[in-house]
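In what follows, a structure is listed as structure tokens, so that the remarks can point back to it.
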Amino acid sequence: MAEFYLYADESGKLHKSDYISFCGYLTYQREWERISLEWNSCRLAWDVPPIRMSAVMYPERDKSGEWPAVQKKWGDVWERKRKEMLSEFARIIHSSFAVCVGASVDAEYFRSMPDSKFKQEMKDPLYMAFHTVVMNSIEAIDRLTNERSISIVVDDDQEFAMSCYRVLNDLRAEFPDKVGKKIGNS
């Protein structure tokens, strides 16, 4: 069983965006349990649906209708309450013992680069961002011990999750001692 969890998410669509960001938080399993409990308690207190920043910041674009309903319920105090709510969620992260890991890639530039060994090895902008996050996560826990393992959780967008899984399999094959031993198939 993994002792560390990395929860990460992307910004930008795989082959459509000028930039791709892949960022997340890494910490012990027990710390994630504590963070999750506090996060869900905060959601309960504010009576809000899952926090998806695009929906919170632009409720009119939220196809689920959940955040427009919150905006309507809060009415004239929407801006103030949203800011207060986001500050409370930020406090949860700030007071945690999670490590931030992330990478941003200029995807437009990457696609325009001439063919090279580097470009061939990095394959595409997602691979490059995911590679960076995984390797930085492994290096972070290796400073503690090399006997620990990591589980990775990405968002539920099927296209993105499957792409990440393919990249992870490539990384396991390419770096069996570094990635293969740290991030299992379970």
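Would you mind pulling out the separation of the Cα centroids of region 148-186 and region 1-72, in Å?
20
Would you be so kind as to identify all helices of the chain, as entire DSSP H runs, whose Cα atoms reach 20 Å or more along the helix's own axis and whose mean Kyte-Doolittle hydropathy is at least 0.5?
Qualifying helices, which must be both long enough and hydrophobic enough, are 125-142.
Just in region 10-115: which chymotrypsin sites (Phe, Trp or Tyr not before Pro) are loop by DSSP and have at most 13 other Cβ atoms within 10 Å?
Phe97
What is the P(r) of the chain, as percent of Cα-Cα pairs per 10 Å bin from 0?
Percent of Cα pairs in each bin: 8, 31, 32, 21, 7, 1.
Decide, for region 48-142, between rounded, prolate and oblate: order the square roots of the alpha carbon gyration tensor eigenvalues as a ≥ b ≥ c, take rounded if a/c falls under 1.5, and otherwise choose prolate if a/b is larger than b/c, else oblate.
Here region 48-142 falls in the oblate category.
Would you please name the trypsin sites (Lys or Arg not before Pro) within region 1-68 that are DSSP coil residues with at most 16 other C-beta atoms within 10 Å of their C-beta?
Here the sparse-neighbourhood loop sites are Lys13, Lys16, Arg52, Lys63.
Could you do me a favour and compute the accessible area per residue for region 26-158, 1.4 Å probe, result in Å²?
That works out to 62 Å² for each residue.
Under a crude label model (7 Å from the Cα following the beta-carbon direction), how far is Lys117 from Lys83 in nanometres?
Simple spin-label model gives 5.3 nm for this pair.
For a quick check: with amide H placed at 1.01 Å from N, whose amide H comes under 5 Å from Ser149's, ignoring anything fewer than 5 positions away on the same chain?
It is Glu3, Phe4, by chain and number.
Grab the beta carbon distance between Tyr19 and Cys42, set R0 = 35 Å, and tell me the FRET efficiency rounded to 0.05.
After rounding to 0.05, the efficiency reads 0.75.
The values are calculated or read from the model by the stated rules, or taken from the named source; none is laboratory data. Small disclaimer: the values here were computed from a predicted structure and weren't measured. Virtual Cβ from ideal backbone geometry, glycine too; neighbours counted across all protein chains shown. All accessible areas refer to the heavy atoms of the entire protein, side chains included, with ligands and DNA or RNA removed. Shrake-Rupley method; radii C 1.70, N 1.55, O 1.52, S 1.80 Å.
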